[in-house]
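I have placed the structure first, in the form of structure tokens, so that the comments after it can refer back to it.
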Amino acid sequence: MKIDELLEVMKWRNSCRSYDATKEVSDEAINNCIIAANNAPSACNKQPWRFVIVKDSQTRKNLYEHGLLPGLPMKWIQDAPVIAVLCAKSDAIVHWFTPIFSKIPYYLVDSGIAGEHFVLAAAAQGIGTCWIGWINGKGIRGVLGIPRGIQPIAMFTMGYPLEKRNPAKKLDQSEIAFFDKWGKKEI
């Protein structure tokens, strides 16, 4: 893949909140997303990410009813033909001991990288996704039977978009990147 192709996928990937209920997301397309996620880097190669892919309509309904925090109605979730739940398995040394010193929760960073690989692979296949972080981990755990030691950290809705949206307006590069020290905007 050429850099221009990758940047184009990244530019057009956005949060999809309206799905074509008549188009099923194939197992092959989902598997491509899992392969992409599994190729993500991680601290000490611990690979803490775990995914639960939910296609069953009743289970998706249960996730909608019990897996979200209150206050933000997201009815569109019910129209998504697939919900992927991103979870993290933590390692005592890498994910609990080292953050005492670094103050960085590596298992969340690592799982976030894998999650973004997942949604970019979906976008490259024409599949829309939306990250959902407003989740009730305990509710998700109950619906999906997720064991102790595995933490639900996000959900993604997946499906073919009803409409193609324009890329979201992004900050100018001069606002997000500095060179050699903070505030220096030239290379």
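Rule-based calculations on the coordinates, nothing more; no lab input. All of these numbers come straight from a predicted model, not from anything done at the bench. When we count neighbours, we look across all protein chains shown, and the Cβ atoms used for this are built from the backbone with ideal geometry, even at glycine.
Panel values: the chain, Kirkwood radius from alpha carbon pairs, Stokes-Einstein at 25 °C and 0.890 mPa s, translational diffusion coefficient 137 µm²/s.
Tell me which DSSP H helices of the chain clear both cut-offs, 20 Å or more of axial length from alpha-carbon atoms and a mean Kyte-Doolittle hydropathy of at least -0.5. Flagged H segments are 106-124. Using C-alpha pairs below 8 Å separated by at least 6 residues, the relative contact order for segment 3-162 is 38 percent.
The Ile176 and Phe97 beta-carbon pair, evaluated with R₀ = 35 Å, returns a calculated FRET efficiency of approximately 0.65. Put simply, when 4-12, 33-41, 150-158 are sorted by average Cβ atoms within 10 angstrom per residue, most first, you get 150-158, 33-41, 4-12.
With the Cα gyration tensor of segment 1-107 giving a ≥ b ≥ c as the square roots of its eigenvalues, does the rule (a/c under 1.5 for rounded; else a/b larger than b/c for prolate; else oblate) give rounded, prolate or oblate? Verdict is oblate for segment 1-107.
With K and R counted +1 and D and E -1, the other residues having a Cβ less than 10 Å from that of His66 yield a net charge of +2. Simple spin-label estimate for Glu24 and Leu7 gives 3.9 nm between the two label positions (7 Å along the Cα-to-Cβ direction from each Cα). Annotation for segment 104-118 versus segment 152-174: alpha-carbon center distance of 17 Å. The calculated 222 nm mean residue ellipticity attributable to helices in the chain amounts to -10500 deg cm²/dmol, summing -39500 (n - 2.57) over DSSP H runs of n ≥ 4 and dividing by all residues.
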